[in-house]
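Taking it in order: structure first as structure tokens, then the write-up.
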């Protein structure tokens, strides 16, 4: 019997695939930064709470009291009093009957969608929804239909077609889209899903803390709190900590406790993260939170005026199309002391590579003016993806 043909080193195919990605301008690398706020114009810490003394102190106190880790999943022996307190505080903040904290937003999406729908059901997903929502929909086994971004006519056609022959219909969208910064037409979507008996899941990751009289999100701002069945948020953006949360009815949360695999089979969030999140939820509802929010929107207005860009959120996409163009733009800014990583496929669609400017309440008027001046000097037409000057 002849010996089998010798195989190359096991990781040779991996190296080849990485080389192909690099040639295509798609290779990613981890970039060390000095702190969470080091990337001045690419952070999601919109209200500047990640370095707030109250959050840091709350994280320290929680770790000292409960330990560095929870020690188990929430269904074994990891459901500490601080986890229950965070659930209750977030439910009260969102004005919903109940809420449930996950280790991160990705886990919240990945666990929630398959817990609600399965084979025989359907998920209708906005094309520009976050990867966690896409992956959760795929994992569920339900029929997945993607509608063009914010296209209500197409969504209505899907609902009309699927409603008569589908057990459950779940519409999924973000409220403020993470890569484009634009808003979903939530009021119209709610009207459509109600007409066809569907459920609606809205990811408020980039809206919680920023929109609405109580800074609860775009759902609150649109007066839809009672009409959105599944409200998702993250604790690691405007609220300054880490984690993901689902808020809704008591039956929804009890269902997730029993069916959400990313909750059942994961160690509970760390006490320190929960302590910081609790403080963030409290602070954002106080006058200081309101002041930080006003300051952020003032910076957004300054930037819009300075660079003549449209905007409805602190997120501004500078689209360059080809990956190499976005990489060149990022490198040119880095030479001028500004870190704005290139966002490329598969985070965004092919041909839509971009830089993504995000503003926070901690940016000064002078910093906004400096960024705008550099962008103007480099002569970029943001609206059309012009050349680097």
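Please treat every number below as a calculation from the coordinates, not as lab data. All values reported here derive from a predicted model rather than from experimental measurement. Every residue, glycine among them, receives a Cβ derived from its backbone with ideal geometry; neighbour counts consider all protein chains shown.
Pull out a ≥ b ≥ c, the square roots of the eigenvalues of the alpha-carbon gyration tensor of region 287-377, then state rounded if a/c is under 1.5, prolate if not and a/b is larger than b/c, and oblate in the remaining case.
Judged from the Cα gyration tensor, region 287-377 comes out prolate (a/c at least 1.5, a/b above b/c).
Please sort 74-87, 96-109 by packing, taking for each peptide the average over its residues of neighbouring beta carbons within 10 angstrom, highest first.
Packing order, densest peptide first, comes out as 96-109, 74-87.
Shape call for region 130-176 from the C-alpha gyration tensor, a ≥ b ≥ c root eigenvalues: rounded (a/c under 1.5), prolate (a/b greater than b/c) or oblate?
Oblate.
Among 27, 224, 338, whose mean-square fluctuation peaks in a Gaussian network model of the chain (Cα, cutoff 10 Å)?
Per the Cα network of the chain with a 10 Å cutoff, 27 tops the list.
Residue separation times 0.36 nm, minus the C-alpha to C-alpha distance between residue 156 and residue 61: what's the value?
Result: 29.2 nm gained on full extension.
Given points 7 Å out from each Cα along the Cα-Cβ axis, report the residue 250 to residue 33 separation in nanometres with one decimal.
In this crude spin-label approximation the distance works out to 4.2 nm.
For 265, 46, 345, what's the fewest-to-most ordering of other Cβ within 10 Å of each Cβ?
By the 10 Å Cβ count, ascending: 265, 345, 46.
What FRET efficiency, computed as 1/(1 + (r/R0)^6) with R0 = 45 Å and r the Cβ-Cβ distance, is obtained for residue 349 and residue 286, rounded to the nearest 0.05?
After rounding to 0.05, the efficiency reads 0.65.
In the Gaussian network model of the chain, springs joining C-alpha atoms below 10 Å, which of 335, 365, 220 carries the largest mean-square fluctuation?
Among 335, 365, 220, the largest mean-square fluctuation in the Gaussian network model of the chain belongs to 335.
What FRET efficiency comes out for residue 12 versus residue 324 if R0 is 25 angstrom and r is the Cβ-Cβ distance? Round to the nearest 0.05.
It comes out at approximately 0.40.
Mind giving me the FRET efficiency for residue 73 and residue 131? R0 is 35 Å, r the Cβ-Cβ distance, nearest 0.05 is fine.
Working from the Cβ atoms, E equals 0.90.
Full extension from residue 227 to residue 144: what is 0.36 nm times the residue separation minus their Cα-Cα distance, to one decimal in nm?
27.6 nm
Using a ≥ b ≥ c from the Cα gyration tensor of the chain (square roots of the eigenvalues), is it rounded, prolate or oblate, where a/c under 1.5 gives rounded and otherwise the larger of a/b and b/c decides, a/b for prolate?
Verdict is rounded for the chain.
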